[in-house]
Amino acid sequence: MGAPAGAPQPGPGAAPRGVPPLPTLALLGLAAVHGVSLAWVTEDAFIYFRYVDHWIVHGLGPVFNAGEWVLGCTSVPWLLALSATRLLAPAPEASLVLGLVLSLASVAALLGLFPSRGAPALPLAALLVASNYAVACFMTSGLETSLVLLALAGTVQAVRHDPSGWRLPAWAALLATTRLELALVATPCVLLGAASRVHAGRDRLPRALARAALPPAAAVAALVGTLAAVYGAPFPNGFYAKSGLAAWWDQGGRYLADFGSTYPVGPVAALAVLGLLVRAVRGPRGEIGPGAALGIALALYTAWVARVGGDFMHGRMLLPSWVLLAALADVCVGAGGLAARAATPGRQALAAASLVAAGVALIQVRSPGAEAGDPTLSVAGIVDERLAYAGPERVPTLHPWAEVGRTMARLAAALPGDRRLAVSASNIGIFGHAAGPGVVVVDDLGLTDPVVARGTLEARGRPGHEKGASPSYLAWRGVDVALAGAPMGRSDSALALAQALTVPGLGILPRPDPDLLDAASRVLDRPDLAAPLEAAVREVLALHPPPWADCEEAFAAARALDARPSLREVGAAFRAAGEAACRGGDWATAHRESLLRIREIARGPARPGWPASQLRDVAWYHRARF
């Protein structure tokens, strides 16, 4: 008896369904062991955690700093998921469990266990995903990659099993909203769904397009509209900080080469190409083949990664490409059919053992620098980020940056009245999360700052770390303490002041506020702080003069310090710097012009060379901050 009309039909080349239990358990166990063994939380994930704590714990809303509505994280669905789990556990620990569960669910989806009964199994794809080092690293990490893997696995299965059903638009909507660039993957898949409905005679083309494409398109439009309404920009701030529309093909080529030289991309790609040829792109009775849709999605997304220059984290941006490539290869060899034939217990055990052995062999493939254990070893700025943070503790709460954050939190609490402490840094994740809501964290690199993010990209460098805040802008933001780069890699001048204050990573003090210095004396239990601070301040001023608008600001700072007998020595250093400023040093002129320009842009009409969008953001930020 034939299948009822309208029932889902297997896609071209769909493997026989029903991988036996032992091979299925073997692959799930392999993925679980691999992911748990490499579990970690990256520094960037703590940006998410600060948003979550401000929203769920402190009631400030999904913001990085209180009252500053800037979306400095990439994925809204992942932010919502972390916020939901924050009700049960602290965000760092909850992210480990959530990431692992979602990642294992993606492997289960590839094995046909869900989202729908009877979905074809892709055991080879599941094996390649579960044994990949980069996949296992980002099963946890605290980033949105695990949610991307699940949405992509669900989309792949919907494309192969039931392209004309409702599941494909639903999965495509989740995929495209988790990371907006993944709309490049969702688009050919939903077009396949529309073509399938037309071919089956269920709808005419306009209605089929509406049914297939409207849900994901509406979801993306709703997300973009919400971001524009809430945060004043249609895309996450990282898009602007990383100059998302700028092409960097040569760096993208290096990123692809780094991934391709590390994993068996060549053999898997050969199987995928062979699969496209054997399945002939078009399915039976003229239906567009799922292989073609997945192949087009793979080409579009991989080209986009190459165009934007990839990422500084090894493999992360290419994991969707790896899943798509693995699925195409599985279609070619019909691995699901081979696994389904292992019906007897003996054959099941043999198949399970073979899969585990193959997985263990593939797991031995590591990213560059892994064997040496050197997190600084990189290829064209591409690093194995996990090696920099992974250690005995899965969540780096004892990291030096966390200690700096906790010290700044104590310093903020010691300030009088409603005085706020503003600290600038380039590593804002672990530090910012530990500092808490009482510290305003200014991002030197612009990921959470709309003005720095829209600055001019003057030269290419490490991907995602190419823009910086000027000293004048930090002064305009009211920064009290500037952490000079990473606390473990600071300059000599910053180190001198850090040693004087006995705070690891404490950098220059752009504004010598007596209240701040008195609070530092109490927090650090250093009543004799003024004497060692004087020498440090003199050294800092000699190498890195402060961004005063004119020399009178230096004299004003000195007079304020003179009012505190214990700080008069420090005031003398600032008075000397004021005299140097009045002599017309080049640095004073440059900083004065820069600060005046910022003020003019924030308060006046647009000037040549400043885009209208940047003017609006600067003006908006000036109103919100001051």
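The values are calculated or read from the model by the stated rules, or taken from the named source; none is laboratory data. Everything quoted here is computed from the prediction, not taken from an experiment. All Cβ positions, glycine included, derive from the backbone under ideal geometry; neighbour counts span all protein chains shown. Note: accessible area is taken over every heavy atom of the protein model, side chains too, but ligands, DNA and RNA are not part of it. Shrake-Rupley method; radii C 1.70, N 1.55, O 1.52, S 1.80 Å.
A few notes on this one:
- Given charges at Cβ of Lys, Arg, Asp, Glu: segment 155-280 dipole, positive-most of A217, P234, A269: A217
- Gyration tensor verdict on segment 86-188 (Cα atoms; rounded if a/c is under 1.5, prolate if a/b is larger than b/c, oblate otherwise): prolate
- Estimated inter-spin distance, A89 and L205, nm [label 7 Å along Cα→Cβ]: 5.2 nm
- Volume per residue of the convex hull around the Cα atoms, evaluated for segment 178-264, comes out as 145 Å³.
- Amide H contacts for W40 (H built 1.01 Å from N in the peptide plane; partners 5 or more residues away or on another chain; cut-off under 5 Å): T140, S141.
- Dipole-positive endmost among A134, A81, A105 within segment 59-202 (Cβ charges, Cα centre): A105
- Probe 1.4 Å, accessible area per residue of segment 399-486, Å²: 31 Å²
- Amide H contacts under 5 Å for A422, placed H, 5+ residues apart: V440, D480, V481
- Here the simple spin-label model places points 7 Å from the Cα toward Cβ, and for L214 and R462 these points are separated by 4.8 nm.
- Per-pair calculated FRET efficiency, R0 = 51 Å: L277 and L80 via Cβ, rounded to 0.05: 0.75
- Taking the square roots of five times each eigenvalue of the Cα gyration tensor of segment 20-106, the equivalent ellipsoid has semi-axes of 31, 11, 11 Å, listed largest first.
- Segment 54-76 versus segment 407-457: alpha-carbon centroid distance in Å: 13 Å
- Solvent-accessible area, 1.4 Å probe, carbon plus sulfur percent, for segment 55-210: 68 percent
- Surrounding net charge for L209, when Lys and Arg each add one and Asp and Glu each subtract one, Cβ distance under 11 Å: +3
- Ranked by how many other beta carbons lie within 10 Å on average, peptides 171-183, 429-441, 242-254 from highest: 429-441, 171-183, 242-254
- Distance between the modelled labels on A270 and L300, one decimal in nanometres: 3.0 nm (7 Å Cα→Cβ projection).
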